[in-house]
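Worksheet for the structure shown next.
Since every read-out is calculated from the coordinates, none of them should be taken as a lab result. Just so it is clear, the structure is predicted and the values come from calculations on it, not from any experiment. Neighbour counts are summed over all protein chains in view; Cβ atoms, including those assigned to glycine, are modelled from backbone coordinates with ideal geometry.
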2 protein chains.
Amino acid sequence: MTVKLVVLYTQPDDADAFDEHYLGIHGPLVQAIPGLVRFEGARMVAAPDGGEQTYHRIAELYFDDAAALEAALGSDQGKATGADYRQIAPPGSRMFVAAVD
Amino acid sequence: MTVKLVVLYTQPDDADAFDEHYLGIHGPLVQAIPGLVRFEGARMVAAPDGGEQTYHRIAELYFDDAAALEAALGSDQGKATGADYRQIAPPGSRMFVAAVD
């Protein structure tokens, strides 16, 4: 069963500086994670429910199954990506594992 | 530029009853929305950051561009789906538009 790591980044103080690091440094780190099947990033541009624009970005990392995701997070490359995440993620950012229907 | 509607459902009181309605009734409503390119649903199963399991489900509806998404939401089918969303979405559920990288 395909699983994905869903990352929700809250609004950074400087969105341009965030995106520069995110696209230029964080993205390549993600792409090098072993077992990664697909990586999709997207920038939140509106909140059609009229609520707060809580999140700046959503990122999704797809893996074949939960074991592959766990192995990926525990790999050297996964740890390096996690360290970079903790450096750039604004307070309140979240990370979830989801089982794709 | 591909855009997607990202829907985050908070935890329902009865997850089984929610999923029964979501998969049996809401899903088919979504699938009938004009202009929908792809629909991906997933059930949140863990929060590896150690935080609260805030969301029960994430759903993503893909469209070719922002105009197609806007037209979809304004269509009869889009309105029917929105009405069903408002009926089932637990308080705090959110809806965002995101531009895919």
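For segment A:13-58, applying the loop criterion from DSSP together with a ceiling of 13 other beta carbons within 10 Å to the GluC sites (Glu not before Pro) yields A:E52.
Given the convex hull over the Cα atoms of the protein assembly as shown, what projected area results after averaging over all orientations, in nm²? Spell out each step's value before the answer.
Working: hull surface 43.2 nm².
Its Cα hull, projected and averaged over all orientations, spans 10.8 nm².
Between copies, B:A80 shows label-point distances of 5.2 nm, shortest first, with the point placed 7 angstrom from Cα along Cα to C-beta. Straight-line cross-link reach from B:K79 at under 12 Å between alpha-carbon atoms covers these aspartates and glutamates, not counting any fewer than eight positions away in the same chain: B:E70. Each copy carries a label point for A:D13 at 7 Å from Cα toward Cβ; from one copy, the others' points are 4.4 nm away, ordered from shortest. Inter-copy label distances at A:V37, using a point 7 Å along Cα-to-Cβ, come to 2.0 nm with the shortest given first.
The C-alpha atoms of chain B define a longest principal axis, and helix B:76-88 lies at about 10 degrees to it.
With contributions of -39500 (n - 2.57) from each DSSP H run of at least four residues, the per-residue ellipticity at 222 nm computed over chain A stands at -9500 deg cm²/dmol.
Provide the gained length on full extension for the span A:D64 to A:H21, in nm with one decimal, where the gain is 0.36 nm per separating residue minus the Cα-Cα distance.
Numbers: separation 43, 0.36 × 43 = 15.48 nm, distance 2.77 nm.
Full extension from A:D64 to A:H21 adds 12.7 nm.
Each residue of segment B:15-101 gets 108 Å³ once the volume of the Cα convex hull is shared out per residue.
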